[in-house]
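The values are calculated or read from the model by the stated rules, or taken from the named source; none is laboratory data. Quick caveat: nothing in here was measured; it's all calculated off a predicted structure. Glycine gets a Cβ as well: all are built from the backbone with ideal geometry, and neighbour counts include every protein chain shown.
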């Protein structure tokens, strides 16, 4: 199905061809990926510093949404990129713990879906910015500029928090209520 779509549509063929060899047409179809790779490579080990990216100064198109990871990697370098990936891994771990702690299948599916959506979209965005996948147009959740992406990401995080609260909140309150019922009343004896 995907091969048929690429064979029929010229713009998709150009996108895949520019992904496979962006340096062949570095000033045309491969310009965006070439500039993204230059930004990632320019960061080095520790980066240029916060706000000191040169690629975001009209060299890298769509730098504040789809290719924000390239700007991040240029400003914070390899160390900052590894820290960002570590936070992404931590978010996935916490989301998995929330899903496993849910008492109902519906909550478990919502928690797994929310975690998969945010972590999967982040991995896809990072793969596009680093040239591992063709350009898709997905923003980096919670980091990309734009109200719609941020609102959607925050709503998904809210669903995950709600699943966590529903799976742990009532259980703790019902346990403390049952302890209060069982304990005998304290009377002051003199």
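Couple of notes before you dig in:
- When 31, 11, 78 are screened for being surrounded by fewer than 17 Cβ atoms within 10 Å (Cβ to Cβ), over 30 Å from residue 162 (Cα atoms), without any contact (Cβ under 8 Å) to a residue 40 or more places away in the chain and within 20 Å of the chain's Cα centre (by Cα), only 78 passes.
- Among the residues examined, residue 100 qualifies as surrounded by fewer than 18 Cβ atoms within 10 Å (Cβ to Cβ), at pLDDT 90 or above and over 15 Å from the mean Cα position of the chain (by Cα).
- Filter result for residue 114 (closer than 20 Å to residue 150 by Cβ, surrounded by 15 or more Cβ atoms within 10 Å (Cβ to Cβ) and modelled with pLDDT under 90): no
- Of all residues making up segment 14-28, the number that are surrounded by 15 or more Cβ atoms within 10 Å (Cβ to Cβ) and under 30 Å from residue 83 (Cβ atoms): 2
- Matching residues, segment 85-107, being in contact (Cβ under 8 Å) with a residue 24 or more places away in the chain and assigned to a helix (DSSP H, G or I): 85, 88, 91, 92, 95, 98, 99, 101, 107
- When residues in segment 119-132 are screened for being touching a residue at least 40 places away in the same chain (Cβ under 8 Å) and in a helix (DSSP H, G or I), 4 of them pass.
- Those residues of segment 14-28 which are in a helix (DSSP H, G or I) and in contact (Cβ under 8 Å) with a residue 12 or more places away in the chain, in sequence order: 14, 15, 16, 17, 18, 19
- Single residue of 160, 155 found to be closer than 29 Å to residue 62 by Cα, part of a helix (DSSP H, G or I), at pLDDT 75 or above and out of contact with any strand residue (DSSP E or B) (no Cβ under 9 Å at 6 or more places or on another chain): 155
- Top-ranked residue in segment 54-69 [being buried (at least 19 other Cβ atoms within 10 Å of the Cβ) and over 15 Å from residue 149 (Cβ atoms); ranked as modelled with the lowest pLDDT]: 60
- For residue 129: the one exception among (1) modelled with pLDDT under 90; (2) out of contact with any helix residue (DSSP H, G or I) (no Cβ under 7 Å at 6 or more places or on another chain); (3) surrounded by 13 or more Cβ atoms within 10 Å (Cβ to Cβ): (2)
- Qualifying positions in segment 34-53 - under 16 Å from residue 67 (Cα atoms) and surrounded by 14 or more Cβ atoms within 10 Å (Cβ to Cβ): 34, 35, 36, 37, 38, 39, 40, 42, 43, 53
- Total residues in segment 44-75, condition outside any helix (DSSP H, G or I) and either closer than 21 Å to residue 141 by Cβ or touching a residue at least 40 places away in the same chain (Cβ under 8 Å) (or both): 11
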